[in-house]
Each structure stands twice: as C-alpha cells, then as structure tokens.
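Read the structure below first, then the notes.
The values are calculated or read from the model by the stated rules, or taken from the named source; none is laboratory data. Please read all numbers here as calculations on a predicted model, not as lab measurements. Cβ atoms come from the backbone with ideal geometry, glycine included; neighbour counts cover every protein chain shown. With ligands, DNA and RNA removed, areas are computed over all heavy atoms of the protein, side chains included. Shrake-Rupley method; radii C 1.70, N 1.55, O 1.52, S 1.80 Å.
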Amino acid sequence: MLIIRCPYCEANRPEPEFRHAGAAHIVRPLDPSATTDAEWAEFLYHRDNPRGTVAERWRHIHGCGRFFNALRDTVSDRILSTYPAGQGRPE
Amino acid sequence: MIGASRQEGMMQRLLVGRMFQGRLVPDSMRTEAGGRIDRARDLRFRFDGVDYLGCEGDTLASALLANGIHLVGRSFKYHRPRGILSAGAEEPNALVTLRRDGGRTTPNLRATQIELYEGLEATSQNRWPSLSTDFGALASLAAPLLPAGFFYKTMLGPRGWKLWHRLFEPLLRRGAGLGHAPTQPDPDRYARYHDHCDVLIVGAGPAGLAAALAAGREGQRVILCDEQAEPGGTLLTEIRALVDGIPAREFLARSLAELSAMPNVRVMPRTTAFGLYPHNHAGLAERVTDHLAAPGQDLPRERLWQIRAARVVLATGAIERPLLFPNNDRPGVMLAGAARDYLLRYGVKVGNHVVIATACDSAYLTALDLAAAGVEVKVVLDLRSSAEGPLPEAVRKAGIPILTGGRVLGTHLRRLRLDSVLLGRADGRTRWFDCDALLVSNGHTPTAHLAAHARAPMHWNDTWGAFLPGSIEGVASIGACAGATTLAEALAQGAALFAAVPPPVEAELPIAPAPGTLQGAETGCVFVDLQNDVTAQDIRMAVGEGFRSVEHVKRYTAGGLGTDQGKTGNMALFALTAAASGLAPAQVGTTTFRPPYTPVTFGTLAGPARGDLFDPVRTTPLHDKAVAEAAVFEDVGPWKRARYFPRKGETMHEAVAREVAATRATAGMFDASTLGKIEVMGPDAAEFLNRLYVNALTGLKPGSCRYAVMLSEAGFVMDDGIVARLAENHFHVTTTTGGAARVLHHMEDYRQTEWPDLRVWLTSTTEHWAVIALQGPKAREILIPLCEADISALPHMAVRDLTIAGAPARLMRVSFTGELGFEVNVPARHAPPLWDALRARLAAIGGTLYGTEAMHVMRAEKGYIIIGQETDGTVTPGDLGLPEGRAKPDFVGKRSLTRPDMLLPDRRQLVGLLTENPAVMLEEGAQLVTEASPPPGTPALGHVTSAYHSPALGRSIALALLAGGRTRLGQRLFVAGPRGGIAVTVAPPVFLDPEGARLHG
Ligand SMILES: [Zn+2]
C-alpha cells in the first residue's frame, strides 16, 4: 500500500484514499474531428510502459476529490513527486 | 536441586502413564539438565493416537525428539518416510495437523514451530493407513514414472488429457496433497490492527536486539517482532561468549528487561513479519492463543498487524542448508545447527550415537556441545579438503576423529529410522558407521525474504554461496541476513544504525561462512527440495530439456513451490541449475521471493470480515417495506434489491408473470432508489452535459427529461440514464445502479482536467433521493389524488417539483416498462410514508408491487437495453440502434465512432430472437451460429444477451448481439447448446408496442 502526498491537501495519505487514473500529460486534441485515425488511436490507446519513472494521474477520491499528477518509479514504487493537474512534468 | 526435581518429574510421569490407556513412553532422550524448558511442568500430548510426555517450553518437534521419535511424516510425492530436519520456520518435512475442541483443526503446521501445551493432539500427514505402514510408499517404486514435468508432459495433447483425467489424476489426488482443510466453520476470532512506528525491527537476535536497544534509548518508537516464543535468536544457544562482561544469555535477559521497561518500545514474540510491501508497509501475524491449552474467550486467536514504519530493520538471520548425498532424506538426518538447538534450548539429544557431515565450521560447535552432553560423536566428516582453525582444533582435542575431503555415499534405514551411514574417504576407501542420527551442514543462506519483498537488490556472495540483500532507502538489513559472521559483528551492525556503541564481546568461537558444496549430488536419489520431492536428477533433467531460467526450472520441477518455499533447498536448486547450465550462480540468479514468509491462516487475513461483515451491504430507504412484503432479494453490486414478491406457494416464474401482467393491466409499483443520481448545476451545466452525452442536451427545455447515453472516449457505451432539466442552470441526472460512482468520476475527470473553464458543479445525490416507480395504465389515477398540483396533462418525459402526500417530490414522467409511468423522487426520510400512501392506492385499484425480475422482463419486451447485459464495453450506440449524435458538435466518444473498426458492416448489432419452439428459453451468453451442429472451431456470429419468458407475448423472447444483425432480420439461425443447436428467427428487438401507444397513453 503506497503513501501518497496530495498536493492540494498537502498531506500524506494511504493509497485507499486515492484512485489511479492512468497516464498523465495525455492531451486531448482541441478538435478531435481534425485528427487522423492514426493520431486519434495514438491518443486513445498508445501508452508508454517504462521501467523507471512514469508520470501518472491520481485522484484524491476519498479526500478533496481532485485530480493531480505523480511521478512514480515503476521499479521501486517510490513516488518522486506529486503536483497539481495542469502543471508541467517536473524535471 | 535440578536432579531432585527431575526425579520428581519422572515419578509423576510414570504415575500419569498408568492413568493412560495408550502406551506412554518417558522422554528418554532428555538430558539430565540444561535447556530452557521447565522440567517441573509435564505436559501430556498425543501424536498419531499415542500419548507422550513433554515439558513446558517444548515445541512439538523437541518433545517428539525427547521421546526418541524422528519419523513424523511421509513425503508429498513418493511417500518416503521423513523426519524432523530443522528446529525452525524452515522445516520442510515435519508438517502435522493439530486438532482442538469444537471442530478446530489446522493442517500443515510445522512441528518445529508448535509450542507444546497440555492435551495437544497432532497427527501426521500424507500417510494411509498409518505412518509406519503406508501404501502410498509404493509410489516410490514408481518414482521413474513421475519425473520432473510429469504433469506438463502428461497433459500435452487430447490423449494426454484423457489419460490424465481417467488414470493419473484420481491416483495422484488420493496419494498426494498435504493436509486436509477443516470441514467446520472456524469458531475462533481474529483481530486486525494498524500501527505506526519510527523503527520496525524484524528478528530479536543479537543484531535486532542491539538495534532495538540503541533506537529505544534514543527515544524512538520501536516495534521489535520475533517469530519465536522466546526472543533472542542465536543468543539463546550462545553458551561461550561474554557480552558486556556477562554471559550472552544473561545479556539477553538484561536487554529484554531493559526493552520491556521502555514505554516507547514494544517487543512482540510469536509474531511473524510475513511480508514487506511498498513504502515500508509490513504485514505481521501475531499468534495470540495457539500455545495455550485453554484459550480464553476474551482473546483473539491471531492478530494481523499492518505496520507502517519510517524505517525497517531486517535482522532475520540465516538458514542452514542440508548436504546433498544419496538418500539424504531419511528420518534421523538433521541439520547440525538444529541438533544443537534441541540440545541447548530443549535439553534434547537427537541421538545417542551420531555422525556429523559438514562443509561448514558451524557443525563443529554441534560436535563439541553434543559430546559435552554425553552423546557419542563417532566422526566429523568434513567435505572440504582441510579442517583448521580453533573449532576443528577443539573438536580434535575432545577426542572426536575428523575425516577431511570425504563425502557421504549413502544412508541405511532400519525400522524407518536411519541406522548407519556410508562415508567415503579422500583416498577412496569407504566405511559404514552405525549411528542413530546424521547431522549435516552445507553452510547458511541469509534470510533475505523480506528484503526481497521490498525489492532490495540481491548480490551473489562467493563466501556465503548465497545472495545477500543490498540496501534500499528506509530498509536496512543487519546481522547474519546481511552477511555478518560473528556475534560481535551482528551487535555492532545493530548499534551502528543508530550511531550507538556496541557492547564488547569476549570468548566467542567465531564461525566462518561457507559457500557450500554440490559434492554428493552427482548420482543416486539426492533430494534438493524435501517438501516437494524434487531431486538433483530432476533439476539436471529440466536443464537438459532446455530450461535455462531458474524461474522455469522451479516451475517445471516444482522445487521451492511447497509451503516452505524452498527455504532449505532453493540455494542448491540454483547451484545445480547453474552447474548443469555451465554458468556461475550469479549468472543464474535467484527466483522471486513472494509473501508470505511462512503460511498465514485465512482467519488472520480475513479478520473480522466474515459473515455479516464480509461485504458491506447497501439497502434503500424502502428496504423494510420490501421485507414486510416478503420480497425475495437479489444482490446487485453491494445493493440488496427486491427481485420479486411471491404470494404463498408461488414460484419465481409465477410471481414474475403475475407482476408483469398486473402492471401492464392496471399498475405496478417498484423501488428504484438504487439508481445513481447526480445534481449538475452552474451556468455551463447544459454545455457540460452536452459534451458528455451522445444526445443533444443544450436545447432541452426546463421541465423536460431526455434519455441519454454516455460513451467512453473510445466510443463505447458506458452508461445510460435520464437527464432532467429542472431549471436553466440545474439538472438532475440519473445513472445505472452499478454505474453511479464510475459516471461521477468520469464527469469529474472531464470537468477538472479537460474543461476547467466550464462553470459547473457536480454532487452525488444517490443516497438523498428515494425513487418510487409507478408504471401501468392506471399509474396516473393512483397519483392524482395525492398530488398538490394537476398532473393530468403532464406529458411523457416531463419533470415537475411538487408536493405529493405531503412530501416534497421531484416527479418525472418516464418509463422503463413501455407503460405510462412515473418516477417519484422524494428525500429519503419521506419515502416510507409516501410508499404507504401509494401502496394503499395501488391495492385499491388492483395493482401490484413488482421487483427487478419483472422490471427486466418488461424492459426486454420493449427492447430497452441494460448496461452490462446488452453492452460489454465493445458496443457502440449504433450497434444498439441508438442515435449517434452525428449532428452534434464534439462530445466524449464522438471521434471514435468514425474510426474504421466502428464502421464495419459486420459489427454486432442488437436484435431480437424468437425460438421456433416458443416454450424453449435460451441461455444468456450462448453463441449464435448458422448451423445446428457446426464443426469445432466455427466462429460465433454473436451471443444471446438477455432471455426471458414474456407474459405479454406468451412465449420466450431474447435479445442478442449479432454480426450485421439488422441485415439478418427474418433469418433462421441456431443458438449453440449442450444438446445441439436451438433454431431461432432473427427479429427486431422491440417485441411489444413498437409505436409506443401505451407509453404516451
Ligand atoms: Zn486532497
């Protein structure tokens, strides 16, 4: 069970308070109808599965209810940082 | 004094013996003095129906050995007689079943970890009819027929399957398997605890104790757990060294006293840390009452502790490895360290005339201590070419001969107990030695399980012949599990973690680590994994058949897959795999360590989550009303829903037919409170909903409702419901019963992360509104007198706020039955009185209550879909014949509806099916094909999604998803079934009132 820091509540909380919500920084095209089938398929389905650092979305569903992003190491499961949705991926 | 009390004990034993029916043998292998048992307190126990005596402080294993018993079980596959190998958690052989009163039986317990109590009753396993006469032992004659990979090989191909089912499986099922599961419900109570600490220390040996003392003195919050009844680890058998100027065992007592006086330290004996999970989350199983003869009712049997520690310190020690030689599995063959444990901790001699064979210095300590206790140590065979240093010197000085460079060539069994061993000398000469125990050591494997759970890296170490855990943030390994070789080093590592000064150590006889050897494993019946009966030959064969990864060799041979997880055998398995592959052990690597370290009972894991507390139950505000009407309930997710309301003597089929007929003839009332409800408010609420549903919602007039379908971004139907516009900026949205949380999450996702500019707020109101559905031609007649406003002209799909029978209500004219209908939403607390008022009107008019089953039938007659029944995450609105929102601007899922796959003409589309024989009901999930008996491998054209008997049509009906379904109307197809195909005709999915005349009536 992970310990996750909600960047809005500014508190460390156990994983059951959160819900994982897939890869972060996937931008929904502003005009989907203008995308090619390949571009749309890329947006829908194609995700990286790195060994190492991954940016992913979480929601503090049993807390403030808000979505945020986290950098997590997929090998050690360490969470390197969490930051509000809409903010760029930290270096 | 000790002698006197001993004599008293013996007298008492003989007296007790006369009182028994069975044979009572005094514990003849007990030493005159020593050990940490209470000799004045005799305990009677029973093993395989025979009564014995042991002492307070014994384990079942030590008590059996005190009575001269080595034979405790039969092996899993070949039913070979097996004895006690170890003195701890690593025991592969001595698995027994314990019985208590009240149907309490626990199988597969390690006798080495069972604390003896008065009246303990244990039975051996894997034998029939008895341990000494076991027919299964014939399996060992068939050993060549059961090679590695037997199961995989047998099951290849259809012929193998047949053979497997008819011949091998029944045979093996009878012969194999470990203990039997209990047949009665577990009468015990189990507790679940959560805790936090600064430091969790696993293992109360010298390293763990030193760490606990240092951290405790610093004021840190410490939890120190140990799987044994008595903390201390190797300090319990350290009879030579002085620590801090006092004998080691006194140092242990002093340290434990100091720790127990610290309010910030909790020492937890009988507590196994069975798993270490991410972010320093540890699972501990505390055995609270298993060691008590009469457990009190006030205590739980076990406690599950989930501990979150800022820092985890692993001081889990090391496990001795057995030697490899032909017939190395016989009762009487024991780890040398275990023999020393039995002597020094329990005052038990494991034999009177023993031979020691070793590839490690530690066995010399065993030789010295056994000899001092009067055991004849015939010879120490050292497989290494030379034996130098203080330990071998001391052994030579004690007059015990040492043979170097030799090996064990075999063992001989008499009356199911080892009676001699064949030793080969370096010069090639061989000799049989009579003995009653052979004590072996092949070095030690650091116990790195928990470190591996926490994903610490494992590094091969040539000196230990094992993998040592590396460190990771927040998790430190210290002591023998981290490669410490001496007491002084272990204490120093523990103290160093908290920058403390370790106590000085004097007079220690240090043991150098040993890499172990594979000598002796070349030929013959050499067991590597004793619990799963895996031999060295099995491993060579697996490698010979092409298996390279140890993970594959492990699965193919089943080595390390037993309940002991190969604690004593895994290193040999890796080393033999390496040798057979021509690789270094470091290249071969280790298999994955997985929790639990030792088996954990289901009771501990389940804790209080059983019976009524197993799963949370949700009930509606009208639940008691349904109970009072004798409803039969069904589970829908966590909800209890009234399925039907049988009258006396009615079957479900009869009740449902009556409910449907009455609803369609007059009126029916239904509790729809489980529907998900979301309040959507804000200036951009209409725009927001318009982007989330296929259906156009911006133009929806206040006071109107619309049926709406929600798609995932991939274009597949994920939910449906009613969107009711109460005012310009205010919507009431319903979801499916199971979809409420999912839909709100989906909405919040888009609201927060895609369109944060939209001014809209979402609130779940599922629990706040109770919903009573009134459906049928007389529904309006029932409602009108109770309404404080005129609803006679309220059109289909309208919504009004008004007072009904004194309750503030949100009334929708909607239908899920095809009849004129209403759904009355009222705040939960108003629901019961409103129900009563409506119920009285309903009865007067000849209407009925109906449940979910009738609701399902009526909606199917109308071809209305149910999410999760007609949809499965691959179905588009077009597939269902629903609008696809082509004229609308972008909404979630719209772009996906024009992807090439979504436009294929053979997509599965919703159709109706009518069986040729109207009495035949189809099976939901059954496959559609074109022929009555298609050849194997024929792809299905689709499947049945719903099937009911329709009272309105007086025949069976079904809905189905069918490839190109709408082009197949009128076609004759078959639904595959176990008794051949059932002929059906494809029909439109709406069976009743396709024009909707009843709906608008
Ligand atoms: Zn939060």
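For the stretch A:6-27, a residue qualifies if it is loosely packed, with under 15 Cβ neighbours inside 10 Å and within 11 Å of chain B (Cβ to nearest Cβ), and the qualifying residues are A:Asn12, A:Gly22, A:His25, A:Ile26, A:Val27. If you go through the stretch B:471-489 and pick out every residue that is within 14 Å of chain A (Cβ to nearest Cβ) and either assigned to a loop (DSSP other than H, G, I, E, B) or free of Cβ contacts under 8 Å to residues at least 24 places away in the same chain (or both), you end up with 4. Suppose we filter B:Thr871, B:Thr898 for residues that are under 15 Å from B:Val717 (Cβ atoms), among the hydroxyl-bearing types (Ser, Thr, Tyr) and either modelled with pLDDT of 95 or more or touching a helix residue (DSSP H, G or I) at 6+ places or on another chain (Cβ under 8 Å) (or both); which single one remains? Among B:Thr871, B:Thr898, only B:Thr871 is under 15 Å from B:Val717 (Cβ atoms), among the hydroxyl-bearing types (Ser, Thr, Tyr) and either modelled with pLDDT of 95 or more or touching a helix residue (DSSP H, G or I) at 6+ places or on another chain (Cβ under 8 Å) (or both). Residues in the stretch B:526-548 that are touching a residue at least 12 places away in the same chain (Cβ under 8 Å), open to solvent by less than 50 Å² (accessible area, probe 1.4 Å) and assigned to a loop (DSSP other than H, G, I, E, B): B:Val526, B:Leu530, B:Gln531, B:Asn532, B:Asp533.
Answer yes or no as to whether B:Ala708 is under 23 Å from B:Gly873 (Cβ atoms), among the aliphatic types (A, V, I, L, M) and within 14 Å of chain A (Cβ to nearest Cβ). When the stated conditions are applied, B:Ala708 does not pass them.
Considered as a group, the residues in the stretch B:247-278 that are out of contact with any Asp or Glu (no Cβ under 7 Å at 6 or more places or on another chain) and within 14 Å of chain A (Cβ to nearest Cβ) include one that is farthest from B:Gly208 (Cα to Cα), and that residue is B:Tyr277.
Within the stretch B:965-1001, being assigned to a loop (DSSP other than H, G, I, E, B) and out of contact with any strand residue (DSSP E or B) (no Cβ under 7 Å at 6 or more places or on another chain) holds for B:Gly977, B:Pro978, B:Arg979, B:Gly980, B:Val990, B:Leu992, B:Asp993, B:Pro994, B:Glu995, B:Gly996, B:Gly1001. Annotation note: of B:Leu450, B:Leu416, the sole residue that is crowded, with 24+ Cβ neighbours inside 10 Å and farther than 25 Å from B:Leu518 by Cα is B:Leu450. Do we have any residue at all in the stretch B:598-614 that's in contact with a Pro (Cβ under 8 Å, 6 or more places away or on another chain), of a type outside the set (Val, Ile, Thr) and not in a strand (DSSP E or B)? Checking the stretch B:598-614: not a single residue is in contact with a Pro (Cβ under 8 Å, 6 or more places away or on another chain), of a type outside the set (Val, Ile, Thr) and not in a strand (DSSP E or B). Taking (1) within 10 Å of chain B (Cβ to nearest Cβ); (2) open to solvent by 30 Å² or more (accessible area, probe 1.4 Å); (3) touching a residue at least 24 places away in the same chain (Cβ under 8 Å) in turn, A:Leu30 satisfies each apart from (3).
In the set (1) outside any strand (DSSP E or B); (2) open to solvent by 30 Å² or more (accessible area, probe 1.4 Å); (3) closer than 18 Å to B:Ala686 by Cβ, the condition left unmet by B:Glu767 is number (3).
Yes/no matrix, rows are residues, columns are (1) part of a loop (DSSP other than H, G, I, E, B); (2) out of contact with any Asp or Glu (no Cβ under 7 Å at 6 or more places or on another chain):
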site: B:Val799; (1), (2): no, yes
site: B:Thr803; (1), (2): no, no
site: B:Val814; (1), (2): yes, no
site: B:Thr817; (1), (2): yes, yes
site: B:Phe822; (1), (2): no, yes
site: B:Arg829; (1), (2): no, yes
site: B:Arg841; (1), (2): no, yes
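A quick yes/no check of all residues on (1) away from chain A (no Cβ under 14 Å); (2) in contact with a Lys or Arg (Cβ under 7 Å, 6 or more places away or on another chain); (3) closer than 23 Å to B:Val632 by Cβ:
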| site | (1), (2), (3) |
| --- | --- |
| B:Leu834 | yes, no, no |
| B:Ile845 | yes, yes, no |
| B:Glu853 | yes, yes, yes |
| B:Met858 | yes, no, yes |
| B:Glu861 | yes, no, yes |
| B:Gly868 | yes, no, yes |
| B:Leu880 | yes, no, no |
| B:Val892 | no, yes, no |
| B:Asp901 | no, no, no |
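In the condition set (1) of a type outside the set (Val, Ile, Thr); (2) within 11 Å of chain A (Cβ to nearest Cβ); (3) over 25 Å from B:Ser896 (Cα atoms), B:His745 is compliant with all but (3).
Within the stretch A:46-91, which residues are more than 16 Å from the ligand (Cβ to nearest atom), within 8 Å of another protein chain (Cβ to nearest Cβ) and without any contact (Cβ under 8 Å) to a residue 12 or more places away in the chain? Matches in the stretch A:46-91: A:Ser76, A:Arg78.
Only one of the listed residues (B:Gly208, B:Gly283) is within 14 Å of chain A (Cβ to nearest Cβ) and either in a strand (DSSP E or B) or in contact (Cβ under 8 Å) with a residue 60 or more places away in the chain (or both). That residue is B:Gly283. Just to be sure, is B:Val440 open to solvent by less than 30 Å² (accessible area, probe 1.4 Å) and either modelled with pLDDT under 95 or within 14 Å of chain A (Cβ to nearest Cβ) (or both)? In short, no.
When B:Gly925, B:Gly964 are screened for being more than 40 Å from the chain's Cα centre (by Cα), at pLDDT 95 or above and of a type outside the set (D, E, K, R), only B:Gly964 passes. Condition (residue is within 14 Å of chain A (Cβ to nearest Cβ) and under 25 Å from B:Pro889 (Cβ atoms)) applied to the stretch B:665-686: is it met by at least one residue? The answer is yes; a qualifying residue exists.
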